[in-house]
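The values are calculated or read from the model by the stated rules, or taken from the named source; none is laboratory data. Treat the numbers as computed from the prediction; the structure is a model and nothing was measured. Every residue, glycine among them, receives a Cβ derived from its backbone with ideal geometry; neighbour counts consider all protein chains shown. Just the protein is used for accessible areas: all its heavy atoms, side chains included, with ligands, DNA and RNA removed. Shrake-Rupley method; radii C 1.70, N 1.55, O 1.52, S 1.80 Å.
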Amino acid sequence: MKAARTLARHEARLLASLALWPARRRPGTAGGRVFGYARGQGPTMAALAFVCVIETFTMSVLLRHWPTPHGVVLALDAYTVVFVVALHAACVVHPHVLTADALRVRQGVHVDLRIPLETITAVRREERFTQERAPGRLDVAVGSRTSVTLELAQPVRHMTLLGRRREVTEVRLHADDADALVRALTRAGRRAGRA
């Protein structure tokens, strides 16, 4: 029951992103520098939404003589289109945020990890297109791609979507302007006394 409530809350937050996106609102970014990551997935998400629209139209035509299945399938297909657009909207309105004391790594409404700057021991620009699972590492990939790697001095607790706790000491993430993020983190590390 708890998992069902968690998934319902997650879906509500996804759908709320649809209202935030056209309003250009980005919750949780006040006082910080924003680093987007959704630009690279835009064409893929648009293509997926287009395929869903075509499938909706096709099923509507095929089932037009059977009212009950037609109504059910049409509702499910229409919701799928909305869901796909909401996934992209959530990524746009929930960017990574660098503040004076932490980096907030996000991915839509799935991942929201606060990393104190003093725990970051190394930051590097590193393009990776395949992500093998490893203990202590969190991959926040966009289109199976990460572009920045962070190494941490001490574990940071990450809560998965269904509430499982993981301790991570390495985080790989993607940013549209990865070089700017690496420079900003390097400057922030110098200010914090890190080499």
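A few comments on the model shown:
- Filtered residue count, segment 39-64, keeping only those that are more than 25 Å from Arg9 (Cβ to Cβ), open to solvent by 30 Å² or more (accessible area, probe 1.4 Å) and either without any contact (Cβ under 8 Å) to a residue 12 or more places away in the chain or not polar (S, T, N, Q) (or both): 17
- Against the test of being within 30 Å of Ala178 (Cβ to Cβ), surrounded by 21 or more Cβ atoms within 10 Å (Cβ to Cβ), touching a residue at least 12 places away in the same chain (Cβ under 8 Å) and in contact with a Lys or Arg (Cβ under 8 Å, 6 or more places away or on another chain), the options Val109, Val123 yield a single qualifying residue, Val109.
- The set of residues in segment 177-193 that are open to solvent by 50 Å² or more (accessible area, probe 1.4 Å), in contact (Cβ under 8 Å) with a residue 60 or more places away in the chain and either touching a strand residue (DSSP E or B) at 6+ places or on another chain (Cβ under 7 Å) or under 30 Å from Arg5 (Cα atoms) (or both) contains only Asp177.
- Residues that are surrounded by 14 or more Cβ atoms within 10 Å (Cβ to Cβ) and part of a loop (DSSP other than H, G, I, E, B), drawn from segment 7-27: Trp21, Arg26
- Here segment 140-167 is the region considered, the condition is being among the charged types (D, E, K, R) and touching an Asp or Glu at 6+ places or on another chain (Cβ under 9 Å), and the residue that is surrounded by the fewest Cβ atoms within 10 Å (Cβ to Cβ) is Arg157.
- Test: residue in segment 65-84 that is open to solvent by less than 80 Å² (accessible area, probe 1.4 Å), in a strand (DSSP E or B) and within 21 Å of Asp176 (Cα to Cα): no
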